[in-house]
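A quick write-up on the structure given underneath.
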Amino acid sequence: MGTTVVKLNKEKLKEAKQYYKAYISSRKIPYAAFFAKKDGITITAYNSGKVMFQGDNEKQEALLWESMPTESTKKTATLPAGFARKSIMGSDEVGNGSYFGPLIVCAAYIDKSHLDALKKLGVKDSKMLDDKQILKLAPKLESSIPFQKLVVTPKKYNQIQPQYNAVGMKVALHNQCIHLLLEKISPQKPEAILIDQFVQETTYRKYLKNEKNRVTQNLYFITKGEQYHLAVAAASIICRAEFLNSLKQQSQEVGIELPSGAGSQSDKQAAKIIKKGGIELLANYAKLHFKNTEKAQKIAQKQN
Ligand code: MN
């Protein structure tokens, strides 16, 4: 009999609960999201995302849920050996897919001597953290590591979006954050710079040609970058906290609750803003080129 533990994010944990629905036992276990018995294997899933598989051949069952599929092991090969333990600058962005709220990019630098302390502080993949944890962690991070954050408010976004497409804008912001942070930490230098990949490297470099202060050396691109170095995880946490705070502050300002994402709730709330002050008012809170704008206009018209 063996034990295998895997760590799942919130989404996957939900998926797992659904998957084992028919096998879930009523037995209550402290901090457990569910407890199931299937084919002689007991599965204990904790709210933290940790899932413990126990039994014979438990490994195979656990492999179903292994958070890093074989595909990403292949990608690891593109990073230098021992990458997670190096002194790295990482960058990430948040808000790109949300109709309301700013677009935020952040670069963070973590010296290898600080890795363990940050891990202890609770820095990890932001998808494993809830909003409350993120809001608590971000100020601690901001006071303990060098970082550079750039915030594009919806108003500003709408002004520059017609010239810059979304990818070009993100490239410019990542590059600028990295450039500014390199200046901040100089004469220290990171062993490498890891960008949480949002576009092919060749495309990134193509857009980079339009930029001043280009950083072209020692760049690495990988999706789910926060799993490969805490610097990307830290950058992501700082971005996320800024996004949440900004959305809350903007909701208060306009007196209408602004949801994150780009679903039908966003259309509904945008319609309320249109009725209050037209597209002009909406332009302060939403990324107007999203399809949500058109849908919101239709809703507002119907209600008139
Ligand atoms: Mn990202």
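Just so you know, all these numbers are worked out from the coordinates, no wet-lab data involved. All of these numbers come straight from a predicted model, not from anything done at the bench. Neighbour counts run over all protein chains shown; Cβ positions are idealised from the backbone, glycine included.
From the list Lys149, Lys170, the one residue that fits, being part of a strand (DSSP E or B) and either touching a strand residue (DSSP E or B) at 6+ places or on another chain (Cβ under 8 Å) or within 16 Å of the ligand (Cβ to nearest atom) (or both), is Lys149. Of Tyr220, Tyr207, all but one fail to be over 17 Å from Gln133 (Cα atoms), in contact (Cβ under 8 Å) with a residue 60 or more places away in the chain and more than 11 Å from the ligand (Cβ to nearest atom); the exception is Tyr220.
Take Ala271 and tell me if it is small (Gly, Ala, Ser), under 27 Å from Phe100 (Cα atoms) and either free of Cβ contacts under 8 Å to residues at least 12 places away in the same chain or more than 13 Å from the ligand (Cβ to nearest atom) (or both). Taking the combined requirement at face value, the residue satisfies it. Taking residues in segment 252-268 that are free of Cβ contacts under 8 Å to residues at least 12 places away in the same chain, and partners anywhere that are surrounded by 13 or more Cβ atoms within 10 Å (Cβ to Cβ), the pairs with Cβ atoms closer than 7 Å and at least 6 places apart or on different chains are Gln265/Pro259. Scanning segment 15-36 for residues that are surrounded by 13 or more Cβ atoms within 10 Å (Cβ to Cβ) and either within 17 Å of Ser48 (Cα to Cα) or not hydroxyl-bearing (Ser, Thr, Tyr) (or both) returns Glu15, Ala16, Lys17, Ile24, Ala32, Ala33, Phe34, Phe35, Ala36.
For segment 96-138, how many residues are over 15 Å from Ala233 (Cβ atoms), in contact with a helix residue (DSSP H, G or I) (Cβ under 8 Å, 6 or more places away or on another chain) and of a type in the set (Ser, Thr, Tyr)? Qualifying residue count for the region: 2. Has segment 223-236 got at least one residue that is part of a strand (DSSP E or B) and either surrounded by 18 or more Cβ atoms within 10 Å (Cβ to Cβ) or within 14 Å of the ligand (Cβ to nearest atom) (or both)? No, because not a single residue in segment 223-236 is part of a strand (DSSP E or B) and either surrounded by 18 or more Cβ atoms within 10 Å (Cβ to Cβ) or within 14 Å of the ligand (Cβ to nearest atom) (or both). For segment 275-292, the set of residues classified as within 13 Å of Tyr99 (Cβ to Cβ), without any contact (Cβ under 8 Å) to a residue 40 or more places away in the chain and either assigned to a helix (DSSP H, G or I) or in contact with a strand residue (DSSP E or B) (Cβ under 7 Å, 6 or more places away or on another chain) (or both) consists of Leu282 only.
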